[in-house]
Amino acid sequence: MEEIQYLDWNNSSDIIKKAYEAGLFVLIIGPKGTGKTSLVRNFTKNNNINSESINFSLRTRESHLIGTKTLTDGTVSFDEGLLIKSMKNGDLLYLDEVNAAEADVLLRLDEALDDRRQIVLKEATGEVVKAKENWFVIATINPLTHSGTKELPPQILSRFPVRIRLEYPPEEVELDIVKKHVSGNHDSEIIQAIKLANTLRQAAAVEELFYSPSLRETIAFAKLLDKQMSPKEAANIVFGNVYTQWGNIEYQKVSDIITSMFGS
């Protein structure tokens, strides 16, 4: 399968490259589905950098970062976590949705992120692990309106002095991104779907709706058109039906918007 070329529409890759060369950690802020992970993957691939990634949730423990003791054939050894591995190897460490982490996990992370770039392995031998010179960290956070997210403590925020704000792209750029994923020519229908997505995003931003569709949805809509599905049906399936999670009134609101844009 041919790999889709990432479209860096707001020059974020160049900002990350300058930060990498200056040894300044990067924070990418933006809603789900704006291409935060794709941006990081694109940067590591284009610059031939090894990376480790941790996706944070309420279930992420210190042991995921640091490691755990294991007993094999009567011998106690220590399996290093991804934070320790990346520091020792000088890899890029990608902390995805870091503002979903618990306070104790953030506290341990903060130890490694300060200017000394080191951490004491109190779980094992007590050795001090010092990061290789080219160790680099990129973190992403979702806005606080996303469930499971918390405000990042100021001391953690200060560890990431380069901040990139990634919003949904302008309509013509989103069209270019979506077209990379499909073979058929459905420009007018895709433009209509992007307008619909933006209407729903704006409503979600002011809390009139509970959900904001991402770039994934506009791509999915176009892929269904490629399979000869009608635009109205594709719009209902991709954009409309998800709102039934919040009840019939919410769903009907969105269904009416879809009908006004795609006909009955």
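Where does helix 215-226 land angle-wise versus the long Cα axis of the chain, in degrees 0 to 90, nearest 10?
On a 0 to 90 degree scale, this one is about 50.
Step through the table entries LYS88/LYS150; LYS18/LYS88; LYS85/LYS179; LYS88/LYS179; LYS85/LYS180; LYS18/LYS179, compare each Cα-Cα distance with 32 Å, and write down the pairs that go over it.
Working: LYS88/LYS150 30 Å; LYS18/LYS88 23 Å; LYS85/LYS179 38 Å; LYS88/LYS179 41 Å; LYS85/LYS180 35 Å; LYS18/LYS179 30 Å.
In this structure, LYS85/LYS179; LYS88/LYS179; LYS85/LYS180 exceed 32 Å between Cα atoms.
Rounded to the nearest 10 degrees, what's the angle between the helix 36-46 long axis and the longest principal axis of the chain, both from Cα atoms, 0 to 90?
The two axes meet at around 60 degrees.
For the chain, report the accessible area per residue in Å² (1.4 Å probe, heavy atoms, rounded to an integer).
Details: 13990 Å² over 264 residues.
With all protein chains present, the chain gives 53 Å² per residue.
Take the chain, connect every pair of alpha-carbon atoms lying under 10 Å apart with a spring to form a Gaussian network, then pick out the residue of GLY240, GLY30, GLY74 with the largest mean-square fluctuation.
Ranking GLY240, GLY30, GLY74 by mean-square fluctuation puts GLY74 first.
For region 1-107, which GluC sites (Glu not before Pro) are in a loop by DSSP, counting at most 13 other Cβ atoms within 10 Å? Show your work: numbers first, answer last.
Details: sites: GLU2, GLU3, GLU21, GLU52, GLU62, GLU80, GLU97, GLU102; in loops: GLU2, GLU3, GLU97, GLU102.
Listed in order of number, the matching sites are GLU2, GLU3.
Of the accessible area of region 1-56, with the probe set at 1.4 angstrom, what percent is carbon plus sulfur? Please report the intermediate quantities before stating the final value.
On the way: 1450 of 3170 Å².
So the carbon and sulfur contribution to the accessible surface is 46 percent.
Considering only LYS227, LYS88, LYS17, give the residue with the highest GNM mean-square fluctuation for the chain, with springs between Cα atoms whenever their separation is below 10 Å.
In the Gaussian network model the winner is LYS227.
Quick check: at a probe of 1.4 Å, how many percent of the accessible area of region 121-235 sits on carbon and sulfur atoms?
Working: 3150 of 6140 Å².
With neighbouring chains kept in place, the figure for region 121-235 is 51 percent.
Nearest 10 degrees is fine. How inclined is helix 12-22 to the longest principal axis of the chain, computing both from alpha carbons?
Its long axis makes an angle of about 10 degrees.
Ignoring everything except DSSP H segments at least 4 long, calculate the 222 nm mean residue ellipticity for the chain; use -39,500 (n - 2.57) per segment, divide by total residues, nearest 500.
Calculated mean residue ellipticity at 222 nm is -12000 deg cm²/dmol.
Just to check I understand the Karplus step: with θ = phi - 60° and J = 6.51 cos²θ - 1.76 cosθ + 1.60, what whole-Hz values come out for region 92-107, glycine and proline as x?
In residue order, the calculated couplings are 7, 10, 9, 9, 8, 6, 5, 7, 9, 7, 6, 4, 5, 5, 5, 4 Hz.
List the trypsin sites (Lys or Arg not before Pro) in region 33-67 that DSSP assigns to loop (not H, G, I, E or B) and whose Cβ has at most 10 other Cβ atoms within 10 Å. Which are they? Please list the in-between numbers first.
Numbers: sites: LYS36, ARG41, LYS45, ARG59, ARG61; in loops: ARG59, ARG61.
Hits after loop and neighbour filter: ARG59.
Counting only DSSP beta bridges with both residues in the chain, tell me the antiparallel percent, nearest 5.
Values: 9 of 26 bridges.
Taking every DSSP beta bridge with both residues in the chain, the antiparallel ones total about 35 percent.
The values are calculated or read from the model by the stated rules, or taken from the named source; none is laboratory data. Note that this is a predicted model, so its numbers are computed, not measured. We place every Cβ from the backbone using ideal geometry, glycine too, and count neighbours over all the protein chains shown. Side chains are part of the model used for accessible areas, which takes the heavy atoms of the whole protein and leaves out ligands, DNA and RNA. Shrake-Rupley method; radii C 1.70, N 1.55, O 1.52, S 1.80 Å.
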